[in-house]
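Engineer: Could you have a look at this structure, given as structure tokens, before my questions?
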């Protein structure tokens, strides 16, 4: 069962306000923790401040992930857990070629008149 988990983690860092290295370290640490779990296939940072971790994979233990992030990084909150929807592919029916009968060339029709029945002929009877 593939699922998508979004967890919000406080990764602002408590260093001085002029450098953001503490926040980057916290992000790297959180990403290493999330990737280390079994079943994780992909990971992405989301949110305006890149403080949400979106994890996709098979049978991810969401509670274990949140607990590890709380212990090693900081406050973590599970935002959403959703099962990944499978795209239903519509079976497109392929048009089978229809059998066509071969046709010969068209016949040319000629009008042949019998001179006996021709009314334009002048005859004396």
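Engineer: Tell me, please, whether a residue that is touching a residue at least 24 places away in the same chain (Cβ under 8 Å) and out of contact with any strand residue (DSSP E or B) (no Cβ under 9 Å at 6 or more places or on another chain) can be found in the range 54-61.
Structural biologist: Yes, the range 54-61 contains a residue that is touching a residue at least 24 places away in the same chain (Cβ under 8 Å) and out of contact with any strand residue (DSSP E or B) (no Cβ under 9 Å at 6 or more places or on another chain).
Engineer: If I filter the range 83-106 for residues that are closer than 30 Å to residue 22 by Cα, modelled with pLDDT of 85 or more and in contact with a strand residue (DSSP E or B) (Cβ under 9 Å, 6 or more places away or on another chain), do I get at least one hit?
Structural biologist: Looking for residues that are closer than 30 Å to residue 22 by Cα, modelled with pLDDT of 85 or more and in contact with a strand residue (DSSP E or B) (Cβ under 9 Å, 6 or more places away or on another chain), one finds none in the range 83-106, hence no.
Engineer: Cβ contacts < 9 Å: first residue on the phi > 0 side of the Ramachandran plot, restricted to the range 70-83; second residue assigned to a helix (DSSP H, G or I) and surrounded by 13 or more Cβ atoms within 10 Å (Cβ to Cβ), any location; separation 6+ or different chain. Result?
Structural biologist: Once the first residue is on the phi > 0 side of the Ramachandran plot and sits in the range 70-83, its partners that are assigned to a helix (DSSP H, G or I) and surrounded by 13 or more Cβ atoms within 10 Å (Cβ to Cβ) give 74/26; 74/30.
Engineer: On the given criteria, is residue 34 modelled with pLDDT of 90 or more, closer than 13 Å to residue 4 by Cα and either in a helix (DSSP H, G or I) or more than 26 Å from the chain's Cα centre (by Cα) (or both)?
Structural biologist: So residue 34 fits the description; yes.
Engineer: Against the definition (at pLDDT below 90 and not in a loop (DSSP other than H, G, I, E, B)), how does residue 26 come out, yes or no?
Structural biologist: For residue 26, the condition - at pLDDT below 90 and not in a loop (DSSP other than H, G, I, E, B) - is met.
Engineer: Would you confirm, using the coordinates I've provided, whether residue 37 is surrounded by 15 or more Cβ atoms within 10 Å (Cβ to Cβ), touching a helix residue (DSSP H, G or I) at 6+ places or on another chain (Cβ under 7 Å), without any contact (Cβ under 8 Å) to a residue 40 or more places away in the chain and under 30 Å from residue 12 (Cβ atoms)?
Structural biologist: So residue 37 fits the description; yes.
The values are calculated or read from the model by the stated rules, or taken from the named source; none is laboratory data. The model shown is predicted, which means the values in this text are computed figures rather than measured ones. Glycine also receives a Cβ, built like all others from the backbone with ideal geometry; neighbour counts cover every protein chain displayed.
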